[in-house]
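As structure tokens, the structure follows; a few thoughts come after it.
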Amino acid sequence: MTSSSYPSEPFLLGLSQTILGGAWRPKTFRKIPKPPGNWLDGLTARGLAELREELAIKWLAARPDLRTAKRDDHKPDCIRKFRITGRGYQRVWRAARKLAGLTEHASPGPKKKK
């Protein structure tokens, strides 16, 4: 199957792409079929914030340096990519560490490089 046989329209259309910013690039998701109907109709502002935080959690948990990084190392990138607040980032950081199999709070002191 060639790339030209996939639909040319991106997975995230219109308003959703504007809301989520450049966090998800449509080119990456060409193979995913578009969900039926307008799935953004029932999404509230709180639901959108939760969706952004969940995406940020998965992105942050996949970072290879999460074990040795300080909490504020990835903060500007995460806030810019996913448009979350500083308080939201604190929730994202704890959840991402937990998802990666680490404790929510790292032990105090300098981090050991592995």
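The values are calculated or read from the model by the stated rules, or taken from the named source; none is laboratory data. Owing to the predicted nature of the structure, the values given are computational and were not obtained by experimental measurement. Cβ atoms come from the backbone with ideal geometry, glycine included; neighbour counts cover every protein chain shown.
Give the residues of region 79-114 that are small (Gly, Ala, Ser) and either in contact (Cβ under 8 Å) with a residue 60 or more places away in the chain or outside any loop (DSSP other than H, G, I, E, B) (or both), sorted by residue number.
86, 88, 95, 96
Residue under question is residue 76, and the condition is that it be at pLDDT below 90 and either among the aliphatic types (A, V, I, L, M) or loosely packed, with under 13 Cβ neighbours inside 10 Å (or both); does it hold?
When the stated conditions are applied, residue 76 does not pass them.
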